[in-house]
Amino acid sequence: MNEHGTNTTTCTPHVQAAAWGKGVLVLGATSAIARATALELARQGYAILLAARDMEENERIATDIRIRCGSPAVALPFEALDVESHPAFVQTCRDMLGGTLEGVVVCFGTLEPQDELQKDFTRARRVLDVNFTAAVSIIEAFALLFEQRHSGFIAVISSVAGDRGRQSNYHYGAAKAGLSAYLQGLRNRLFSAGVSVTTIKPGFVDTKMTFGLPGLMMVASAESAGKAVATAIRKRKDIAYVPWFWRYIMLIIIHIPERIFKRLRL
Ligand SMILES: NC(=O)c1ccc[n+]([C@@H]2O[C@H](COP(=O)([O-])OP(=O)(O)OC[C@H]3O[C@@H](n4cnc5c(N)ncnc54)[C@H](OP(=O)(O)O)[C@@H]3O)[C@@H](O)[C@H]2O)c1
């Protein structure tokens, strides 16, 4: 059981998906960006498996998609930190969708105040584990499935925070940097199997993760971010900055010499 009281190892799917057309799994489905992405994918004709730890909210999102798009949408319980449950979770998805599971979109993540992470390694470790270790665990399981099948896509939300370490969020940034490097290697491995791996790097997006944070600029809506994620998936992009102009902002930021960068309060 997780903190939301959901059993993370079993589920009772109430829709048998054998009759579904193409399907996609969205992990961390209660994220604002995930929700917007799932809606876009449903509009493109995908049946949606929504996985999240808050099952009440997850069921609401599934109902909303079914009503708005008329596409099948099913909520599943998923706790990212419970990595032992990941193989059983993948098996559940296989049982439900079989060969119609075309892709996975990984949206879960966590951001905590940097000053508190510096004082409390247990919290810092959770940030590293959710954003990196747990993501690698579940992505690797689906990578093997798609590799054996010689088709599929994996899209993962990393962050521009992983492009350069900053004093305001370097534990989170380090986890996202690790995730981006991991995805780069995975893309290289899966290319010959015809499986695409898309790294999504959002700048600031208006979600509960950024609510009340100081110093935000050029904040995108979750809806526009979701559309951009769905487009990147459709185009099977390798790396997509969201919105696109963050590619150029980060190009400048990564080229600031370290002797200057270390003096900035970023
Ligand atoms: N917002 C931004 O400006 C921004 C910028 C760059 C990258 N990102 C990334 O975008 C992704 C989506 O974030 P968001 O902005 O949409 O924020 P959000 O609404 O806070 O979503 C975060 C999601 O992660 C889930 N999650 C956290 N810990 C989990 C765990 N242990 N197991 C399962 N799920 C867990 C949350 O579930 P609960 O609802 O149960 O808490 C929530 O669904 C994240 O990877 C984030 O790092 C966001």
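The values are calculated or read from the model by the stated rules, or taken from the named source; none is laboratory data. Just so we're clear, the structure is a prediction, and the values are computed from it rather than from any experiment. Note that we place each Cβ from the backbone using ideal geometry, even for glycine, and neighbour counts take in every protein chain shown. These area figures cover heavy atoms from the full protein model, side chains too; ligands, DNA and RNA do not enter into them. Shrake-Rupley method; radii C 1.70, N 1.55, O 1.52, S 1.80 Å.
Details
- Hey, Thr207 open to solvent by less than 20 Å² (accessible area, probe 1.4 Å) and either in contact with a strand residue (DSSP E or B) (Cβ under 7 Å, 6 or more places away or on another chain) or closer than 21 Å to Val127 by Cβ (or both) or not: no
- Residue selected from the stretch 150-199 under the condition within 20 Å of Leu213 (Cβ to Cβ) and free of Cβ contacts under 8 Å to residues at least 40 places away in the same chain, by the criterion surrounded by the most Cβ atoms within 10 Å (Cβ to Cβ): Ala161
- Cβ pairs under 7 Å, 6+ apart, first in the stretch 72-83 and in contact (Cβ under 8 Å) with a residue 24 or more places away in the chain and within 23 Å of Ala42 (Cα to Cα), second within 11 Å of the ligand (Cβ to nearest atom) and part of a loop (DSSP other than H, G, I, E, B): Pro77/Thr6; Pro77/Thr8; Pro77/Arg53; Phe78/Thr8; Phe78/Arg53
- Within the stretch 155-170, the residues that satisfy the criterion of being more than 8 Å from the ligand (Cβ to nearest atom) and either part of a loop (DSSP other than H, G, I, E, B) or in contact with an Asp or Glu (Cβ under 8 Å, 6 or more places away or on another chain) (or both) are Asp163, Arg164, Gly165, Arg166, Gln167, Ser168, Asn169.
- The stretch 105-145, residues that are open to solvent by less than 60 Å² (accessible area, probe 1.4 Å) and acidic (Asp, Glu): Glu112, Asp120, Asp129
- Search result, residues across the stretch 214-250 that are touching a Pro at 6+ places or on another chain (Cβ under 9 Å), open to solvent by 40 Å² or more (accessible area, probe 1.4 Å) and within 20 Å of Phe108 (Cα to Cα): Ser224
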